[in-house]
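Read the structure below first, then the notes.
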Amino acid sequence: MHILVTNDDGVQAPGLLALAQEMRKLGQVTVLAPDRNWSASGHVKTMDRPLRVREVKLADGTPALTSDGAPSDCVALALLGVVKEKIDLVVSGINPNANIGHDVTYSGTVTAAMEAVIAGVPGIAISLDSKPGHGELDYGPAARVAARIAARAMAERLPQGILLNVNVPQRADEELRGIQITRQGLRVYRDALDERRDPRGRPYYWIGGEWPTGIDEEGTDFGALQAGFISVTPLQLDLTAWSAIHALRSWSW
Ligand code: MN
């Protein structure tokens, strides 16, 4: 099995290194990840400038590829031929913060896995639900979870068009309570506008505010994490609101 490892935090992020090291136990690993942080960049396709790919080494000496494109660009580059050998699975992460509820539309970690699915390759996104104000993170437990889930997804053949969005509580291996298959829950965003003045008196803005929370509901990604479970949410790119189709068709257009 040949696994592409990418992320949205940049090729030198410690979460990617931990993930690549665990994935190597499952098969051949190629790393192609952005050269800088693209967190909360959403699903990007760079079309207005050329993309460069260069060779780097990870902190443990592993050869890797990096590009100046977004996470989804990195996946596209790899699958379109920058990486010559056929890729069987794309794994993205490990993001240092959870990607749950509506986060998935912002997340570079998740949209990298979406790009894989668009190209017909299974995709898995892995995020660590770290506590606010955490120090240095131990990605070991989440990396081992990622390997377990990747092995299972390949053995069971993840259906076409489906990616897995995995979120792991920040706990030691033995304190993780197992896997729950979940649906997207609801984030509660607490964004607030911070308006300031530059030295010339012109306004500029930061979208700031408090860290988001969520609605603690059983069966959801947020609910699983709150209870100490690993959350595995199958996602699809068909965003059609099926519940509204019938009503809209009945409107007199
Ligand atoms: Mn990130």
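Laboratory data are not the source of any read-out in this text; all were calculated from the coordinates shown. Keep in mind that what you see is a predicted model, and the values were worked out from it rather than measured. Glycine gets a Cβ as well: all are built from the backbone with ideal geometry, and neighbour counts include every protein chain shown.
For region 1-102, what does the relative contact order come out to in percent, with C-alpha contacts under 8 Å and a separation of six or more?
Values: 190 pairs, mean separation 40.2, N = 102.
Once normalised by length, the contact order is 39 percent.
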* Counting alpha carbon pairs within less than 8 Å and at least 6 residues apart, what relative contact order, in whole percent, applies to the chain? -> 17
* Cα centroids of region 1-36 and region 195-253: how far apart, whole angstrom? -> 27
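Is it possible to state the helix-based mean residue ellipticity at 222 nm for the chain, with each DSSP H run of 4+ residues giving -39500 (n - 2.57), the sum divided by total residues, to the nearest 500 deg cm²/dmol? What is it?
Using -39500 (n - 2.57) per qualifying helix, the result is -7000 deg cm²/dmol.
Looking at the P(r) of region 30-95, how many percent of alpha-carbon pairs lie beyond 20 Å?
On the way: 510 of 2145 pairs.
For region 30-95, the share of Cα pairs beyond 20 Å comes to 24 percent.
With a 10 Å radius around each residue's Cβ, average the other Cβ atoms per peptide and rank 44-55, 20-31, highest first.
On the way: 44-55: 10.8, 20-31: 18.9.
Listed from highest to lowest mean packing, they are 20-31, 44-55.
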* From the square roots a ≥ b ≥ c of the eigenvalues of the alpha-carbon gyration tensor of region 1-143, which class results: rounded (a/c under 1.5), prolate (a/b over b/c), or oblate? -> rounded
* Asked: Using the Karplus equation 6.51 cos²θ - 1.76 cosθ + 1.60 (θ = phi - 60°), what ³J(HN,Hα) coupling, rounded to whole Hz, does each residue of region 27-41 give in order, writing x for Gly and Pro?
  -> x, 6, 10, 10, 9, 9, 9, x, 8, 8, 7, 10, 4, 6, 9
* What are the lysines whose alpha-carbon lies under 30 Å from the alpha-carbon of Lys131, with same-chain residues fewer than 8 places away excluded? -> Lys25, Lys57
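Let me make sure I get this right: for the chain, a, b and c are the square roots of the gyration tensor eigenvalues over alpha carbons, sorted descending. Under 1.5 in a/c it's rounded, otherwise prolate if a/b > b/c, else oblate. Which is it? Each step should come with its number before you reach the end.
Working: a/c = 1.23, a/b = 1.13, b/c = 1.09.
It comes out rounded by the Cα gyration axes.
Using the Cα gyration tensor of region 98-169, with a ≥ b ≥ c the square roots of its eigenvalues, what is the shape: rounded (a/c below 1.5), prolate (a/b larger than b/c) or oblate (neither)?
Working: a/c = 2.79, a/b = 1.45, b/c = 1.93.
It is oblate, given that a/c is not under 1.5 and a/b is not larger than b/c.
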* **Long-range HN-HN contacts of Gly185 with modeled amide H, under 5 Å** => Gly101, Asp221, Phe222
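Roughly how many debye, to the nearest 20, is the charge dipole of the chain about its Cα centre, given +1 on each Lys and Arg Cβ, -1 on each Asp and Glu Cβ, and no other charges?
On the way: 25 positive and 30 negative charges, 110 e Å.
Roughly 520 debye for the chain.
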